[in-house]
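The values are calculated or read from the model by the stated rules, or taken from the named source; none is laboratory data. These numbers come from a predicted model, not from an experiment. We place every Cβ from the backbone using ideal geometry, glycine too, and count neighbours over all the protein chains shown.
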């Protein structure tokens, strides 16, 4: 009797949790393919593969929606999650060299500090955080500066990972009329 009652209780709990659980959305590769009727930011992912190795950027893609982005929605001089909601993550299976510093294989948060003429790229070891609320400079693994470039309007924020050569990758983030690009070399193991 006890085993049957426990089994029935387990069935009820499982059924209840399945009815009320929310499905986790799968990330899209190109947020521009999502209808603009979606009010929230789109869960997105950019991936580059080389053999068994991969580099992945996972982020939430907000839309411009006629807002002032730079110096408005995204203030200059403040640490920004460089997307929306959870920290944008950078995951690599290979050692990368960005700026003059190395980044070991792993999963990290990608933050920026935007400015009108120069941005700071930040790789932080605490990848599991919401916005920049839990950001702590002591968890930074590397920082370097890049110059923003003008670009054609892009309604939704998007990341790109491009192979330049066998050992060089270009990362780019575009949103509104700004493009931010930086180079990384892949360490030969």
Of the listed residues (115, 71), the one being surrounded by fewer than 19 Cβ atoms within 10 Å (Cβ to Cβ), on the phi > 0 side of the Ramachandran plot and at pLDDT 95 or above is 71
So in region 35-57, with the set limited to residues that are surrounded by 10 or more Cβ atoms within 10 Å (Cβ to Cβ), outside any strand (DSSP E or B) and at pLDDT 65 or above, which one is nearest to the chain's Cα centre (by Cα)? 41
Looking at residue 143, is it in a strand (DSSP E or B), touching a helix residue (DSSP H, G or I) at 6+ places or on another chain (Cβ under 6 Å) and more than 17 Å from residue 56 (Cα to Cα)? no
Residue check, residue 163 against (1) at pLDDT 95 or above; (2) part of a strand (DSSP E or B); (3) more than 20 Å from residue 62 (Cβ to Cβ), all met but one. Which one? (1)
Please go through region 118-144 and pick out each residue that is touching a residue at least 24 places away in the same chain (Cβ under 8 Å) and exposed (fewer than 13 other Cβ atoms within 10 Å of the Cβ). 118, 128, 130
Restricting attention to region 74-112, the residues that are modelled with pLDDT under 95, in a strand (DSSP E or B) and closer than 16 Å to residue 157 by Cβ number exactly 1
